[in-house]
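Report on the structure given below.
The values are calculated or read from the model by the stated rules, or taken from the named source; none is laboratory data. Fair warning: this is a prediction, and the values are worked out from it, not measured in the lab. No Cβ is skipped: glycine too gets one built from the backbone with ideal geometry, and neighbour counts run over all protein chains shown. Please note that ligands, DNA and RNA were not included when accessible areas were found on the heavy atoms of the full protein model with its side chains. Shrake-Rupley method; radii C 1.70, N 1.55, O 1.52, S 1.80 Å.
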Amino acid sequence: MRTPKTKPRAAAGGGVTFPELLRSPYSVWLLPLATAALGVALWAAWPPERLMESFKEEGLVETSTAVLFFVLALAVWFTATHERIGVRWALSVMFAAGGARELDLHRAFTDGNSVLKVSFYLRDAPMQQKLTAFFVLLAIALAAGLLIARYARPFVRGLRRREPLAITVLCFFVTMLVSKVFDRSINVLAEDFGVHVTLSAKALVSVLEESLELCLTLLTVIGLAQHRRRAAAV
């Protein structure tokens with residue numbers, strides 16, 4: 001007598017497993033939502049001073065995000081072996097740029113002047129600093145251009161077909177945009193509208209910004225795993 005086949009059981013507690021995140025086109029959105037919910041829960045449970053200490057600029061969470069981006073910049077050479085060297089170089093450069101941005105390295109060696117602003121190159125900064133910054137930004141621009149040229153059309157096609165990898169990439173950019181809105185919100189309110197928020201509100205914004213930026217590294221891991229899985233299936 002044959003034993004009837006049964007469907008695989010869901011994870012205990014009804015949670016979403018990592019393989020499900022790789023296969024499902026929309027489960028990945030649960031990650032930034034859960035991250036934001038956890039941030040709000042921490043804000044409700046912890047005093048603002050404690051939150052600001054952990055989630056401040058150059059604090060534990062931001063440093064962890066930067067370290068993970070640098071690890072990804074190195075790991076892509078060993079995990080994306082199915083890709084051409086040029087693509088791996090471009091991904092590595094972009095991940096390293098993400099880590100450098102988290103550590104504010106764009107202004108760390110220029111007396112606080114951001115190399116991302118045109119005004120830096122028009123001021124009396126040392127020529128060595130200007131040239132170094134220019135070539136670093138040129139490398140980042142070339143890397144971004146290569147990735148756009150290589151993946152823009154497949155990305156659009158993937159969105160139309162609701163492919164998991166394309167949805168993950170979209171989720172990454174939406175999460176990054178939301179985190180940047182939180183990043184600028186306090187300064188915009190103060191500088192443009194003269195609105196000064198409480199320490200509790202600043203703590204909430206910092207928690208959401210830094211936790212979502214940390215979430216970007218997790219979305220990157222999922223995207224790389226999905227890309228590797230798809231390449232192996234071809």
- Among the listed residues L146, L170, L165, which satisfies the condition of being in a helix (DSSP H, G or I), modelled with pLDDT under 95 and surrounded by 13 or more Cβ atoms within 10 Å (Cβ to Cβ)? L165
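Using the structure shown, decide if D104 is at pLDDT 85 or above and farther than 30 Å from R23 by Cα. Please lay out each step first, then the result.
On the way: at pLDDT 85 or above: yes; farther than 30 Å from R23 by Cα: yes.
Answer is yes for this residue.
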- Message: Take S206 and tell me if it is part of a helix (DSSP H, G or I), crowded, with 21+ Cβ neighbours inside 10 Å and on the phi < 0 side of the Ramachandran plot.
- Response: yes
- Query: So, in the range 185-199, of the ones that are within 19 Å of L51 (Cα to Cα) and surrounded by 13 or more Cβ atoms within 10 Å (Cβ to Cβ), which residue ends up nearest to the chain's Cα centre (by Cα)?
  - Reply: S185
- Item | Criterion violated by D104 - all others in (1) under 21 Å from F173 (Cβ atoms); (2) in contact (Cβ under 8 Å) with a residue 24 or more places away in the chain satisfied | (1)
- Inside the range 8-56, the number of residues satisfying the requirement of being open to solvent by 60 Å² or more (accessible area, probe 1.4 Å), more than 30 Å from L199 (Cβ to Cβ) and at pLDDT 90 or above is 2
- Filtering the range 85-110 for residues that are closer than 25 Å to Y151 by Cα and either in contact with a Lys or Arg (Cβ under 9 Å, 6 or more places away or on another chain) or among the hydroxyl-bearing types (S, T, Y) (or both) leaves a count of 4
- Query: Considering only the range 97-128, how many residues are of a type in the set (V, I, T), surrounded by 14 or more Cβ atoms within 10 Å (Cβ to Cβ) and part of a helix (DSSP H, G or I)?
  - Reply: 0
- Task: Go over the candidates L68, L51, L72 one by one and state the one that is touching a Leu at 6+ places or on another chain (Cβ under 7 Å) and part of a helix (DSSP H, G or I).
- Result: L51
- open to solvent by less than 60 Å² (accessible area, probe 1.4 Å) and either among the hydroxyl-bearing types (S, T, Y) or not in a helix (DSSP H, G or I) (or both), is that true of T132? no
- Query: If you take the residues of the range 44-81 that are touching a residue at least 24 places away in the same chain (Cβ under 8 Å) and within 17 Å of L146 (Cα to Cα), which of them is farthest from the chain's Cα centre (by Cα)?
  - Reply: A80
- Query: Which one is nearest to M52 (Cα to Cα) among residues in the range 209-234 that are surrounded by 15 or more Cβ atoms within 10 Å (Cβ to Cβ) and small (G, A, S)?
  - Reply: S211
